[in-house]
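Report on the following structure.
The values are calculated or read from the model by the stated rules, or taken from the named source; none is laboratory data. Keep in mind that this is a model prediction, so the values were computed, not measured. Note: ideal-geometry Cβ built from the backbone for every residue, glycine included; neighbour counts use all protein chains shown. Accessible surface is based on the protein model in full, side chains and every heavy atom, while ligands, DNA and RNA are left aside. Shrake-Rupley method; radii C 1.70, N 1.55, O 1.52, S 1.80 Å.
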Amino acid sequence: MITLKTPAQMAKMREAGRVVAAMLEECRAAVRPGITTAELDRIAAEVLRRSDATSSFFGYYGHPIRREVPPGFPRTICTSINEEIVHGIPSPKRKLREGDIVGIDAGAIIDGWHADAAITLPVGKVSPEAERLIGVTEEALRIGIANAQVGGRIGDIGAAIEAYVRAQGFTVVQNYVGHGIGRAMHEEPQVPNYKPARGHPNPPIGEGLCIAIEPMVNVGGPETRTLEDQWTVVTADRSLSAHFEHTLACTAAGPVVLTVPGKGAAVAA
Ligand code: MG
């Protein structure tokens, strides 16, 4: 069931979104060669503690796509390096190295309301290809948000993302998708980053729909594998992958991004 949120509910999600933005910004400031992904996790957890918020990810069990998941996710954030697409588990054994790219995905809950966002960052100096992948994926997110218009359909978002990414010579992951968000991190509808096939769900975008758009873009093929830890998703061909995500509210005035910093009103795209 797709639920539409009231302005008061969106305001709660905006509070959670501000916390998520702070988690990501503090991690961004800390990313450098030599830091471990467990240290990034600790930085994000400290932002939550300070904000009286909790993690959307810690202890997370059911995934809307993967039913066979291990007991709850063990950390506050996900950190996914190079060929890892999403759901990497922060570890004290995993040090970032010069030339890596690292995806950081964070979710926060305030008064039962969720927000979810992700960024991919270069670690020191990275290859021109890695830099271009990051830029294309971030632009794909911006294009997706611009297409989340009341009166349109969910499929408009993925169609625009896919067309842009293909034109850049990269591929879009299809096995994992964006999602509705609100009282739960993963709500209906699914928000694919590709054009829905004929006959597949393509619901209308109603006023008050809140969704997380999250393109995952690969240098090589779109196929995925899950590692033995049963969480970390990698590219099947081990090519580089990047991931950007925002939570937004679809309003009559256009899409409003909730996962941005600052005290004021959220930013209209
Ligand atoms: Mg998400």
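Details
- The residue that is modelled with the highest pLDDT, counting only those in the stretch 221-234 that are away from the ligand (no atom under 16 Å from the Cβ) and in contact with a Lys or Arg (Cβ under 8 Å, 6 or more places away or on another chain), is VAL234.
- Any hit, the stretch 132-144, residues being within 16 Å of the ligand (Cβ to nearest atom) and among the charged types (D, E, K, R): yes
- Residues located in the stretch 200-226, provided they are β-branched (Val, Ile, Thr), in a loop (DSSP other than H, G, I, E, B) and open to solvent by 20 Å² or more (accessible area, probe 1.4 Å): VAL219
- Across the stretch 30-60, the number of residues qualifying as part of a helix (DSSP H, G or I) and either loosely packed, with under 15 Cβ neighbours inside 10 Å or not hydroxyl-bearing (Ser, Thr, Tyr) (or both) comes to 14.
- Inside the stretch 143-199, residues that are buried (at least 20 other Cβ atoms within 10 Å of the Cβ), of a type in the set (Phe, Trp, Tyr) and in contact with a helix residue (DSSP H, G or I) (Cβ under 7 Å, 6 or more places away or on another chain) make up a count of 2.
- Only residues that are away from the ligand (no atom under 16 Å from the Cβ), more than 30 Å from THR6 (Cβ to Cβ) and not polar (S, T, N, Q) were counted across the stretch 200-220, and they come to 2.
- Among the residues making up the stretch 173-199, those that are within 11 Å of the ligand (Cβ to nearest atom) and either outside any strand (DSSP E or B) or among the small types (Gly, Ala, Ser) (or both) are TYR176, VAL177, GLY178, GLY180, ILE181, MET185, HIS186.
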